[in-house]
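Shown next, in C-alpha cells, is the structure this report addresses.
The values are calculated or read from the model by the stated rules, or taken from the named source; none is laboratory data. Nothing here was measured: the structure is a model prediction, and the numbers come from that model. Neighbour counts are summed over all protein chains in view; Cβ atoms, including those assigned to glycine, are modelled from backbone coordinates with ideal geometry.
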Amino acid sequence: MQTMRTVYLNGEYVSESEATVSIFDRGFLFADGVYEVTTVVDGKLIGFDGHCERLKRSLGELHMKVEINRDELLDIHRELIRRNGIDQGMIYLQVTRGNPGDRDFAFPPEDTPPTMVLFTQHKQVVDTAIEKEGLKVVSVDDLRWGRRDIKTVQLLYPSLAKMEAKAKGADDAWMVQDGFVTEGTSNNAYIVKDGKIVTRNLSNDILHGITRKSVLTCAELLQMDVEERPFTLEEAYVADEAFATSASGFTNPIIEIDGHTIGNGKPGPVGDRLRALYLEENMKAAL
Ligand code: PMP
C-alpha cells in the first residue's frame, strides 16, 4: 500500500482519490471487462509486448471494439512508473465495456466509450521469501466458466479458492477438472518428474500465461525436456519438483500439495534454473 498514487483513467492522469467510475459501468455490474498485470523490475517493464498482444486478443474474444495503440500504451505504463516512482512492482490495466447509463444484459452500442484504468502497485518481486521457501497448495474443483483463456475480471471463484487454501493453512489452490490440474488461482502449474517438465497444454481451460511462454522458451534454451499435457493430482503428489509461473511471481516453487511433500520439501533445481534464466532474458529485453 502506498499513499495517493497517480492513476490513469480514460486519458487522464489523476490522483487515486479523484478517479471514479460510474455505478452503471459494465465492469461493475457484469464483470464485463478484461485486464493485464505487467511486472516492473528496476523501473522497467517485463514482457510488455506479450501483455499487449494478449489484451488485444481478450478484447477481440469479447467483441469489444477498443483500439489499442501499443506505443501509446507503453507511454502510459512508463509515465505511471515515473510518476509513482516504481522500482519493483506491477502495473494493473483494466478495460471494460464502459457505461451505457443503465443496466441491460444486451451490450450497449459499439460507440459506447470503454473505461480504461491503469494503476501501479509496489511489490518486491526479486529476491523474495517465497522463491527461497516455496509455497504450499491445496487442490480444489475448478468451478470457473469455460473461457479461461480470456483474461476477464471475473475473479470471484479464484478468490474463493485462495481463501479456502488459506483456511487450510496453505498459500494457494491448484484447480482440478476431471481429475487433471488446470492451473493455480493466478498462475500456471508445472511438475517435474525424472527430469521432464509437465505442464497443461494451451486450450480454453487455462489462461495462456505470458510467463509460461517465456519460461518454456527458457526450458528449450536449457535443453530441458517439456511435455505439454494435462497431469493428475496423483502424478503431482509424487513429482520430484513442482512450480508455478505468473508475471509477478516469475517461477515460484511449490513444496507441498494437499499435505504431500514434493521432493525434499525445498525449492527444486529445475525451477531455480528456469527462474534465473527467465529473469536474465527478460531483464535484457525489458522496456
Ligand atoms: N493463470 C491464471 C488463472 C492467472 O490469473 C494468471 C495470472 N494473470 C496466470 C495463469 C499467469 O499468467 P501470466 O504469466 O501472464 O501472469
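Tabulated values for the structure
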quantity	calculated
Residue within segment 211-225 that is under 16 Å from the mean Cα position of the chain (by Cα), without any contact (Cβ under 8 Å) to a residue 60 or more places away in the chain and either more than 15 Å from the ligand (Cβ to nearest atom) or under 15 Å from Met175 (Cα atoms) (or both) present	no
Evaluation of Pro253 against (1) touching a helix residue (DSSP H, G or I) at 6+ places or on another chain (Cβ under 8 Å); (2) in a loop (DSSP other than H, G, I, E, B) (one fails), failing number	(2)
Residue match in segment 254-261 (condition: within 15 Å of the ligand (Cβ to nearest atom) and closer than 16 Å to Thr128 by Cα)	yes
Among the residues listed as Asp258, Asp205, Asp194, the single one being out of contact with any helix residue (DSSP H, G or I) (no Cβ under 6 Å at 6 or more places or on another chain), under 17 Å from Lys136 (Cβ atoms) and charged (D, E, K, R)	Asp258
Failed criterion for Leu80 (all others in (1) farther than 15 Å from Thr38 by Cα; (2) surrounded by 14 or more Cβ atoms within 10 Å (Cβ to Cβ); (3) over 19 Å from the mean Cα position of the chain (by Cα) hold)	(1)
Residue in segment 38-58 that is more than 30 Å from Ala286 (Cβ to Cβ), touching a residue at least 24 places away in the same chain (Cβ under 8 Å) and not assigned by TED's automatic domain parsing to the domain that holds Lys151 present	no
All positions within segment 271-283 that are surrounded by fewer than 24 Cβ atoms within 10 Å (Cβ to Cβ) and closer than 20 Å to Asp172 by Cβ	Asp272, Arg275, Tyr278
Condition check for Asp178: more than 14 Å from the ligand (Cβ to nearest atom), more than 21 Å from the chain's Cα centre (by Cα) and charged (D, E, K, R)	yes
Scope segment 18-27; condition hydrophobic (A, V, I, L, M, F, W, C) and either within 16 Å of the ligand (Cβ to nearest atom) or in contact (Cβ under 8 Å) with a residue 40 or more places away in the chain (or both); matching residues	Ala19, Val21, Phe24
Residues (aliphatic (A, V, I, L, M) and either surrounded by fewer than 19 Cβ atoms within 10 Å (Cβ to Cβ) or assigned by TED's automatic domain parsing to the domain that holds Asn187 (or both)) located in segment 9-36	Leu9, Val14, Ala19, Val21, Ile23, Leu29, Ala31
Residue, farthest from the ligand (Cβ to nearest atom), within segment 29-48, restricted to residues that are farther than 16 Å from Leu118 by Cα and assigned to a helix (DSSP H, G or I)	Leu29
Elements of type strands (runs of 3 or more DSSP E) contained in segment 185-237, each with 1 or more residues being surrounded by 16 or more Cβ atoms within 10 Å (Cβ to Cβ) and hydroxyl-bearing (Ser, Thr, Tyr)	188-193, 196-199
Segment 238-250, residues that are over 22 Å from Asp142 (Cα atoms) and part of a strand (DSSP E or B)	Glu241, Phe250
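Residues checked against (1) β-branched (Val, Ile, Thr); (2) in contact with an Asp or Glu (Cβ under 9 Å, 6 or more places away or on another chain); (3) crowded, with 19+ Cβ neighbours inside 10 Å:
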site: Glu53; (1), (2), (3): no, no, no
site: Glu61; (1), (2), (3): no, yes, no
site: Met64; (1), (2), (3): no, yes, yes
site: Asp102; (1), (2), (3): no, no, no
site: Pro108; (1), (2), (3): no, yes, no
site: Leu118; (1), (2), (3): no, no, yes
